[in-house]
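Please treat every number below as a calculation from the coordinates, not as lab data. Predicted model, so just to flag it, every value in this text is computed and none were measured. FYI the Cβ positions are ideal-geometry reconstructions off the backbone, even for glycines, and counts take in every protein chain you see.
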Amino acid sequence: MKKLSSLFFFFIVFSISAQNTSYWQQHVDYTMDIDMDVKSYQYKGKQKIVYTNNSPETLERVYYHLFFNAFQPGSEMDIRLQNVQDPDKRMANNIGTEEDPIYESRISKLQDYEIGYQKISSLKQNGKPVKFEVIGTILKVDLNTVIQSGEKAIFEMEFEAQVPNQIRRSGRNNKEGIALSMTQWYPKIAEYDFEGWHANAYIGREFHGVWGDYDVTIHIDKNYTIGGTGYLQNPQEIGHGYEDPAKKLKVKKGDKLSWHFKAPKVHDFAWAADDKYIHDKITGENEVTLHFFYKDNSKTNENWKKLQPKTAEILAYYNKHIGLYPYEQYSVIQGGDGGMEYAMCTLITGGENFNGLVSVTAHEFAHTWFQFLLASNEIKHSWMDEGFTSYISHLAMNEVMDQKKVNPNNRGYRGYYYLVQSGLEDPMSMHADRFNSNFAYGISAYNKGEVFLAQLGYVIGEENLNKTIKKYFQDFEFKHPVPNDVKRTAEIVSGLELEWYLNYWTQTTNTIDYAVNEINGKEIILENIGTMPMPIDLTVTYTDGTKENFNIPLRMMYGHKPTNAKVLEAWPWVQPIYSFSTDKLVKAVAIDPSQDMADIDKKNNLREAK
Ligand SMILES: [Zn+2]
């Protein structure tokens, strides 16, 4: 028996260390040649990818995403839209009344010439045709030859595609009249990582991808201007505002132009095109060129001009507070259906409200750091992207727009409290498509995710939080960080144990509620009524009018944040009641006057002595 258990112990230790010390990520390089017909909204594509299997496993199969297939009646996206309790208003028409809405999926009404599709004409692995199967928005490929660990495989594909009517994110003729919002538009290899394949059907949420280099040529009607991911390689042959005005243009004759883009070290490629774009450029910090593409419109032109220096200020803010933007350009493009982030660019709508325009730009630009550089799996951990983006963009807006907010993340807290009260909360680390309502997903990912960071500042201290964000970026840029990486970074910076914080906040719907129960002369009695423990900041007012701050560490943190407050004995979470005595007679006690702790019932946080 003894031998067996020591052998068992050996295996446990071995498997844990093997998983934690051997980080790897797959790599893929794309070369694509795309021929777009702007009249039929159809395009033909040739795609060659060189896929490197850096995993320790042998691959017998690969998966691709065929996102545009979602925009067909009967697709999983369509069926979900018809069954979810609160469909996205952009994707459903209300055919009932305002009081009694009946939602009809817009996808269910698409005609053949309006749907989206990606049809695979041929696929070869290392020069030989390979078997594939289309399963909705996923292409499953059983390989001819396995890809051994460390080996490369070449996949060559020909496909035909149709751009759907704009329903969600991508599509033709969005409500502001942009002809082509070309996002999630090409057959894209799914991510394979330490957890295995992430061949998620396109149902509603965003995407995840494999790092690599893109080389994309797009042939399109010569009157169309393209904005998107990647550096244009032939600006003098294109013009459209990309050219060096000091040099001569060499535009070839013919109906179409061939735009050649290269994008190094990205995990997606997106573009938009329109025949009426205005294209402006300015230079931001570190010689980064900021491009702006928008429709000529007397109602919005002025705001799109005023947005440009603000975008440069936002870039500088993120450079300073997260880490340096590593690419040479970024493009803010009118397109899509709201605001959606892509590699080196964003597609946004709006412009009539200047504050709204800057706000959506600040948000989407921040995604460059929290999704396009720190490429966490947004489908699994949407809070790491939307939440962190919300956190930093609200701080940026406060500075850039001179909002003078004492707590710029206040709305995040308010949203979270609203979600708790609704009773509809799902755990934050649910798969993004599987939340029971769009309402719960939205508040959880954006607001509760924002509070994750804001409140982490309360737990480990503001300075430590700022250092954590920078170190997290420095250590995991161009990788695929997971929740534990955020936690470990904060632990290394602060020297505090934070497993409990990650567990309670992201994996449960437990809530925080502390109360001041009693004041007896010099004795203060506190109670943990809630289901998530926290360290406690306390301000005590004495009967002589003076005040004193205290900090009660949570025992399982094995330490406390840097503080000027008087640090008391640690509080073990299993213990509901905590009492201590002061030197003077107490008049009043307040738990966390900063309100940075997301205590769901603030009424019992304050008490005056009787
Ligand atoms: Zn976002």
Subject >> Segment D296-D221, extension gain: residue separation times 0.36 nm, minus the distance between their alpha carbons >> reply: 25.1 nm
Original post:
Fully extended, how many nm does the chain gain between V251 and L585 (0.36 nm per residue separation, minus their Cα-Cα distance)?
Top reply: 111.8 nm
Original post:
To the nearest 0.05, how large is the calculated FRET efficiency for I577 and Q421 if R₀ is 25 Å and r is the Cβ-Cβ distance?
Top reply: 0.40
**OP:** Specify the longest stretch of the chain that does not include any exposed loop site, a site being one of the chymotrypsin sites (Phe, Trp or Tyr not before Pro) with a non-H, G, I, E, B DSSP assignment and at most 11 other Cβ atoms within 10 Å.
**Re:** 114-557
**OP:** Quick one: of K247/K276; K547/K584; K39/K250; K310/K448; K89/K405, which pairs are farther than 20 Å apart, Cα to Cα?
**Re:** K247/K276; K39/K250; K310/K448; K89/K405
Subject >> E497 versus D35: modelled label distance in nm, points set 7 Å from Cα along the beta carbon direction >> reply: 6.5 nm
Subject >> Alpha-carbon Debye profile of the chain, log10 I(q)/I(0) at 0.05, 0.08, 0.10, 0.12 Å⁻¹ >> reply: -0.26, -0.64, -0.95, -1.27
Original post:
What does the helix-only formula give at 222 nm for the chain: each DSSP H stretch with n ≥ 4 adding -39500 (n - 2.57), the total divided by the residues, and the result rounded to the nearest 500 deg cm²/dmol?
Top reply: -7500 deg cm²/dmol
**OP:** Compute the FRET efficiency between K124 and W197 as 1/(1 + (r/R0)^6), taking r as their Cβ-Cβ distance and R0 = 25 Å, and round to the nearest 0.05.
**Re:** 0.75
**OP:** Would you calculate the volume per residue, in Å³, of the smallest convex hull containing every Cα atom of the range 382-465?
**Re:** 98 Å³
**OP:** Output the pairs from K175/K253; K320/K561; K124/K380; K124/K262; K119/K253 with a Cα-Cα distance over 26 Å in this structure; if there are none, say none.
**Re:** K175/K253; K124/K380; K119/K253
**OP:** Place a +1 charge on the Cβ of each Lys and Arg in the range 292-439 and a -1 charge on the Cβ of each Asp and Glu, then give the dipole magnitude about the Cα centre in debye, rounded to the nearest 20.
**Re:** 380 debye
Original post:
So, in Å, what gap is there between the alpha-carbon centers of the range 590-610 and the range 422-450?
Top reply: 26 Å
Original post:
Percent relative contact order of the chain, based on C-alpha pairs within less than 8 angstrom and at least six residues apart?
Top reply: 10 percent
Subject >> Unit charges on C-beta of K, R, D, E only; dipole of the chain, Debye >> reply: 700 debye
Subject >> Computed lengthening from Y23 to E99, 0.36 nm per intervening residue step minus Cα-Cα distance >> reply: 22.1 nm
